[in-house]
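Report on the structure given below.
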Amino acid sequence: MVSATESSDGLRIRPARKSDLGILVDFMARLAMHVAGGAPRTLRRAERKRLRELLAAALEDQDRLVVVAALPEVGPVGMAYIYVWRSQGIWEQLDDLELKSGVIDDVWVEPDYRKLGIFRAMLAELLAFAEQHDVQELILEYSLSNREAEATWSRLGFQPTGVRAAAFTANVRKAISAGQ
Ligand SMILES: CC(C)(COP(=O)(O)OP(=O)(O)OC[C@H]1O[C@@H](n2cnc3c(N)ncnc32)[C@H](O)[C@@H]1OP(=O)(O)O)[C@@H](O)C(=O)NCCC(=O)NCCS
């Protein structure tokens, strides 16, 4: 059970509730736009509904936690999400083992409230949740072009462990053909 925490400046980190779903979908849309770049856009109705349902399901799931950062007089200014990902050990030589990772996703703090320690405070709650679930490792993805995410994660103890590569099929076709 995750309870709310409140700091001296009134910042409150609490589990999300149904009444937050609208603003949380807005945050997720802003995050997607932040990652994609370009001109402001509006989410399609069907996508809004999908995200809303996804978040609503997460609120009911013991293995998932969505936290909201809220300020007095302002309301929600940030969100963060973690879920427990379970996998089984694969080596015959080792005992049965369930491996658990905490996957962090959908992290957003409103631009006017950044660099004030709000995400650090939300991460403390995600971490406590992970520890309660015997999760030893936290994992997440961010795009290489997202400099503030890179700076934040490295400041908070995360290090890149892999690279996700992408290519247009036309470029792969060209590269294959060039090697023949
Ligand atoms: C990334 C993000 C969530 C950080 O939120 P935040 O509330 O500003 O972060 P905090 O103030 O708690 O900072 C945590 C640490 O990261 C550092 N940090 C945060 N933003 C930084 C930046 N732009 N450049 C350098 N360091 C930064 C802080 O200095 C702090 O370290 P310190 O306390 O040792 O000084 C926020 O910038 C954001 O919402 N960005 C857009 C969405 C996004 O990129 N999400 C992550 C996708 S994976």
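The values are calculated or read from the model by the stated rules, or taken from the named source; none is laboratory data. In this text, all values refer to a predicted model and were calculated from it rather than measured experimentally. Note that we place each Cβ from the backbone using ideal geometry, even for glycine, and neighbour counts take in every protein chain shown. Quick note on the areas: whole protein, heavy atoms, side chains included, nothing else; ligands and nucleic acids left out. Shrake-Rupley method; radii C 1.70, N 1.55, O 1.52, S 1.80 Å.
Here's the picture: a label point sits 7 Å out from the Cα of K100 along the beta-carbon direction, and within the range 121-142 the residues with their amide nitrogen under 13 Å of it are 127-138.
Distance between the modelled labels on A178 and L43, one decimal in nanometres: 4.0 nm (7 Å Cα→Cβ projection).
Placing unit charges on the Cβ atoms of the charged side chains and taking the dipole of the chain about its Cα centre, the candidate lying farthest along the positive direction among P76, F119, P40 is P40.
When a 1.4 Å probe is rolled over the protein heavy atoms, the share of accessible surface on the range 5-178 that falls to carbon and sulfur comes to 52 percent. Placing +1 on each Lys and Arg Cβ and -1 on each Asp and Glu Cβ, with no other charges, gives the chain a dipole about its Cα centre of roughly 1100 debye. With the simple model of a label 7 Å out from the Cα in the direction of the Cβ, I90 to E60 spans 3.4 nm. Projecting the Cα atoms of V66, A29, I139 onto the charge dipole of the range 5-178, computed from C-beta unit charges around the Cα centre, puts A29 farthest toward the positive end.
Where only protein heavy atoms count, and the probe is 1.4 Å, what is the accessible area per residue for the range 5-178 in Å²?
Working: 11960 Å² over 174 residues.
I get 69 Å² per residue for the range 5-178.
Expressed in Å, the radius of gyration and Dmax of the Cα atoms of the chain are 18.9, 66. For the range 117-180, the extents of the C-alpha atoms along the principal axes are 54, 26, 15 Å, listed from largest to smallest.
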